[in-house]
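Reviewing the structure listed below.
The values are calculated or read from the model by the stated rules, or taken from the named source; none is laboratory data. Since we're looking at a predicted model, the values are computed, not measured. So basically every Cβ, Gly included, is an ideal-geometry build from the backbone, and we count neighbours across all protein chains shown.
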Amino acid sequence: MQFEHSEKTRQLIEKIDRFLQDNLYPVEKELQNSIDNSDDRWAIPPLLEELKTKAKSEGLWNFFLPDSKDYGYGLTNLEYAPLCELMGRSRFAGEIFNCSAPDTGNMEVFARYGTDEHKEKWLKPLLEGTIRSAFAMTEPAVASSDATNIQTSILRDGNEYVVNGHKWYISGACDPRCKIMIVMGKNDPDNPDRHKQQSMILVPMDTPGVKIVRPMQVFGNDDAPEGHAEVVFDNVRVPPENLLLGEGRGFEIAQGRLGPGRIHHCMRLIGRAQRVLEIMCKRAESRTAFGRKLSEQGKIREDIALSACEIEQARLLTLLAADQMDKFGNKGAKELIAMIKIVAPDMACKVTDRAIQMHGAAGVSQDTILADSYLYARIVRIVDGPDQVHINQLGRNLIKRLAG
């Protein structure tokens, strides 16, 4: 693996970093306050749309689709990694550059598995940033860490598919700009191959029978204006052309989608942890306790040094996984993707926890990004497969490969 970034990547790093420094960081608190103090929790802040328009006008847009010059820069996963890391430094940056979840994963699904009609109707406006989307997989009644448990039904009835089921924590579905959901469910629940029971189907948000029950909270935060919805599908009827790829291929699509999604979260978390480390260092140098600066105290120095080591280890593992994805595909890099999905969220939790402790009450207040950073790191230990699933599967695969 080459440790030097390409010239194209270096130029984009510089441009994105400059945009963040000049345009986002100075208004970050204002942007958050506009959400927190809005009479309508789900209203889109005008300032956010202004930043998106500016980023798009400067060509800082759609970096994420690997090797796809038709839809963006045609960057490899390795080239995208440092850009995604930069965008992870702020909760708003991904959307500003049209590189935020779940839209990135959904756009990859449309680009890889969608028909020409799907691409024209849904992928094009997503790439333009005029709509948003959701991915409906997790269900409250079953352990969705094992996707074969999913019970939502997608059954053929004449010239339509009928969707019935109950989903929750469907990120982005509360957003008024969300127009389309990719829904995973079972069309063949009795198939002896548990990985061929599922299908994925496109369900427009305005389809009769789609009911948003409530916004779900994460540690008491509703993550407005995107939100995480609880959704009921009550005899939702959609045309057969809304089925992606074919019956029984939902698990195949999910695996193709979640691999990049997992590493993207890790890239963002490294960026957030790096920013947290910088905040830690500034706090240590500016704060005095018991007659000495925090930076002069051994425990503080130890926390900062360990955090830097852990961030760099996670960064290098992420780059290695991205490089292997480029060379051998998502399936060929699955062990490294599992490793970084285990390592990066845990690292970010530890680093942010140290920073919170160093800040005392300010660390859990709205005056820093630390509380939001911990929330994000902690939830990524669950999303796209909890730690235990990745650890178990990785251990199983390693034993099988190395024991003989």
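Quick one: would you say GLY360 is modelled with pLDDT under 95 and either surrounded by fewer than 16 Cβ atoms within 10 Å (Cβ to Cβ) or of a type in the set (Asp, Glu) (or both)?
Details: modelled with pLDDT under 95: no; either surrounded by fewer than 16 Cβ atoms within 10 Å (Cβ to Cβ) or of a type in the set (Asp, Glu) (or both): yes.
When the stated conditions are applied, GLY360 does not pass them.
Out of all the residues in region 103-115, which are within 14 Å of the chain's Cα centre (by Cα) and either among the hydrophobic types (A, V, I, L, M, F, W, C) or in a loop (DSSP other than H, G, I, E, B) (or both)?
MET107 - this is the single residue of region 103-115 that is within 14 Å of the chain's Cα centre (by Cα) and either among the hydrophobic types (A, V, I, L, M, F, W, C) or in a loop (DSSP other than H, G, I, E, B) (or both).
Considering only region 314-330, I want to know if a residue exists there that is hydrophobic (A, V, I, L, M, F, W, C), within 15 Å of LYS350 (Cα to Cα), crowded, with 21+ Cβ neighbours inside 10 Å and within 19 Å of the chain's Cα centre (by Cα). Step through it out loud before you land on a result.
From region 314-330, those hydrophobic (A, V, I, L, M, F, W, C) are 314, 316-317, 319-322, 325, 328; that's our starting set.
Filter again for within 15 Å of LYS350 (Cα to Cα), leaving 314.
Checking the rest, the ones that are also crowded, with 21+ Cβ neighbours inside 10 Å come to 314.
Keeping just the survivors that are within 19 Å of the chain's Cα centre (by Cα) gives 314.
Yes, region 314-330 contains a residue that is hydrophobic (A, V, I, L, M, F, W, C), within 15 Å of LYS350 (Cα to Cα), crowded, with 21+ Cβ neighbours inside 10 Å and within 19 Å of the chain's Cα centre (by Cα).
Does LEU258 satisfy being surrounded by fewer than 22 Cβ atoms within 10 Å (Cβ to Cβ) and in a loop (DSSP other than H, G, I, E, B)?
When the stated conditions are applied, LEU258 does not pass them.
Any residue at all in region 179-200 that is among the aliphatic types (A, V, I, L, M) and more than 21 Å from the chain's Cα centre (by Cα)?
no
Sort out which residues of region 21-48 are touching a Leu at 6+ places or on another chain (Cβ under 7 Å) and in contact (Cβ under 8 Å) with a residue 60 or more places away in the chain, and write them in order of number.
Within region 21-48, LEU24, LEU31, PRO45 meet the criteria.
Quick check on region 318-330. Is at least one of its residues assigned by TED's automatic domain parsing to the domain that holds LEU394, among the aromatic types (Phe, Trp, Tyr), part of a helix (DSSP H, G or I) and more than 28 Å from LEU375 (Cβ to Cβ)?
yes
Does at least one position in region 293-306 carry a residue that is small (Gly, Ala, Ser), within 18 Å of ALA348 (Cβ to Cβ) and crowded, with 19+ Cβ neighbours inside 10 Å?
So far as region 293-306 goes, no, none of its residues is small (Gly, Ala, Ser), within 18 Å of ALA348 (Cβ to Cβ) and crowded, with 19+ Cβ neighbours inside 10 Å.
From ALA348, ALA403, which residue is of a type outside the set (Val, Ile, Thr) and in contact with a Leu (Cβ under 9 Å, 6 or more places away or on another chain)?
ALA348
Out of all the residues in region 366-404, which are part of a helix (DSSP H, G or I), basic (Lys, Arg) and within 18 Å of the chain's Cα centre (by Cα)?
Matches in region 366-404: ARG378 only.
Yes/no matrix, rows are residues, columns are (1) assigned to a loop (DSSP other than H, G, I, E, B); (2) modelled with pLDDT of 95 or more; (3) crowded, with 18+ Cβ neighbours inside 10 Å:
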position: SER90; (1), (2), (3): yes, yes, yes
position: GLU95; (1), (2), (3): no, yes, yes
position: ALA101; (1), (2), (3): yes, no, yes
position: GLU117; (1), (2), (3): no, yes, no
position: LEU127; (1), (2), (3): no, yes, yes
position: THR130; (1), (2), (3): yes, yes, no
position: ALA134; (1), (2), (3): no, yes, yes
position: PRO140; (1), (2), (3): yes, yes, no
position: SER145; (1), (2), (3): yes, no, no
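Mind checking whether some residue in region 203-217 is surrounded by 22 or more Cβ atoms within 10 Å (Cβ to Cβ) and either out of contact with any Lys or Arg (no Cβ under 8 Å at 6 or more places or on another chain) or more than 30 Å from ALA348 (Cα to Cα) (or both)?
So the first thing to find is which residues in region 203-217 are surrounded by 22 or more Cβ atoms within 10 Å (Cβ to Cβ), and the list is 203.
Add one more test, that the residue is either out of contact with any Lys or Arg (no Cβ under 8 Å at 6 or more places or on another chain) or more than 30 Å from ALA348 (Cα to Cα) (or both), and what stays is 203.
Within region 203-217, one or more residues are surrounded by 22 or more Cβ atoms within 10 Å (Cβ to Cβ) and either out of contact with any Lys or Arg (no Cβ under 8 Å at 6 or more places or on another chain) or more than 30 Å from ALA348 (Cα to Cα) (or both).
Can you tell me which condition GLY271 does not meet? The list is (1) under 30 Å from LEU31 (Cβ atoms); (2) out of contact with any Gly (no Cβ under 6 Å at 6 or more places or on another chain); (3) small (Gly, Ala, Ser), and all the others hold.
(2)
For region 147-159, which positions are touching a strand residue (DSSP E or B) at 6+ places or on another chain (Cβ under 8 Å) and part of a loop (DSSP other than H, G, I, E, B)?
Correct list: ILE150, GLN151, THR152.
Which one is surrounded by the fewest Cβ atoms within 10 Å (Cβ to Cβ), of the residues in region 372-398 that are small (Gly, Ala, Ser) and either modelled with pLDDT of 95 or more or assigned by TED's automatic domain parsing to the domain that holds ASN33 (or both)?
Out of the qualifying residues, it is GLY395.
With respect to VAL162, determine if the residue is in contact (Cβ under 8 Å) with a residue 60 or more places away in the chain and crowded, with 22+ Cβ neighbours inside 10 Å.
no
Condition first: surrounded by fewer than 19 Cβ atoms within 10 Å (Cβ to Cβ) and not in a helix (DSSP H, G or I). Now tell me which residues in region 231-246 satisfy that.
Passing the criteria: VAL232, ASP234, ASN235, ARG237, PRO239, LEU245, GLY246.
Would you mention how many residues in region 27-80 are hydroxyl-bearing (Ser, Thr, Tyr), closer than 20 Å to ALA224 by Cα and assigned to a loop (DSSP other than H, G, I, E, B)? Please lay out each step first, then the result.
Of the residues in region 27-80, the ones hydroxyl-bearing (Ser, Thr, Tyr) are 34, 38, 53, 57, 68, 71, 73, 76, 80.
Checking which are closer than 20 Å to ALA224 by Cα leaves us with 34, 38.
Pick out the ones that are also assigned to a loop (DSSP other than H, G, I, E, B) and you get 38.
Residues meeting the conditions: 1.
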